[in-house]
Structure formats: structure tokens, C-alpha cells
1. Find the residue count for segment 116-151, including only residues that are over 13 Å from the mean Cα position of the chain (by Cα) and either at pLDDT below 90 or not in a helix (DSSP H, G or I) (or both).
2. Do you know which residues across segment 11-36 are in a helix (DSSP H, G or I), over 14 Å from residue 48 (Cβ atoms) and in contact with a strand residue (DSSP E or B) (Cβ under 7 Å, 6 or more places away or on another chain)?
3. Every residue in segment 37-48 that is under 12 Å from the mean Cα position of the chain (by Cα) and either within 14 Å of residue 113 (Cβ to Cβ) or crowded, with 18+ Cβ neighbours inside 10 Å (or both), please.
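The values are calculated or read from the model by the stated rules, or taken from the named source; none is laboratory data. Only a predicted model underlies this, so the values are computations on that prediction, with no experimental measurement involved. When we count neighbours, we look across all protein chains shown, and the Cβ atoms used for this are built from the backbone with ideal geometry, even at glycine.
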């Protein structure tokens, strides 16, 4: 399996991010783009989308996957604990929604939607999570790259069996 070049000239990736805590989530996008380009994909093959919050990500991902334009969708967002445990339901709904979209469309959903146990609106936490999202963005790019390679290989096996 060719792990170095899992994409073709027509491969496109959609990157969907929430705008809640945008300054933090932007770091994920920046790191994702830098790493996916380093791996060998042209940056102009990545389309960027923003939604208001993480709850809107699964629907956007579904519409993008169903468009037939994208071979993968990457989702990035930050779900914070507002003190009423709503964050647990939101994060579970988002991840479950992404999995449903992935299974229904056969377009991989790469998640960098994070739910930290503790996030507070002060400089120390904002700095920590901006740095953390840099790591997660690079990890999402690597996961996306490897997933595209595995899918391409699996589809070639299926085509050979026909």
C-alpha cells in the first residue's frame, strides 16, 4: 500500500471548524494545513468551512460528504464545560453524528472536536489549549492522510476482486 501518496489529483478534503472559541480552534486548522501539505497534498485541495458551534458540524459534514466533492471531512471544535453538564451531551451528539455520517456516506470523518475536562476563560488555559490544538491539528492531518491511504487500498482490493 502506498502510504506516501494516498491521494489522487482529484482528491479534496473539507475542513469544518466551529467558531466558538475560534482563536483556539484556528490553531488546529493552521497545524492541519501545515502537516497535510508537508505530507504531500496541495493546500488548494483543502476547502475550509466554518459553522457557529460544534453542534452544527455533523450536518455540515453530511452535506459536504453527500456532495461527492470530498474524499474526507475533518472536523475541529472545542466543547467547554459551562458548569451544567451540557457539554457531555453536545460532545456525544457531535461525535455520534460524525460516525453516522461516515457510515452512511463512506466518506471518512476525522475528528478534532475536543471536550476538555476543565477550560477556563483566562490566558493560561487559552494558551495551553491553543498549543494543544496545534498538536491535534497535525495529528488530524496524519490520521486523514493514513485513512485516505487505507481506503484507497481497500477500494483497490475490492475492484480487483470484481
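1. Within segment 116-151, residues that are over 13 Å from the mean Cα position of the chain (by Cα) and either at pLDDT below 90 or not in a helix (DSSP H, G or I) (or both) number 17.
2. Within segment 11-36, 24 is the sole residue that qualifies.
3. 46
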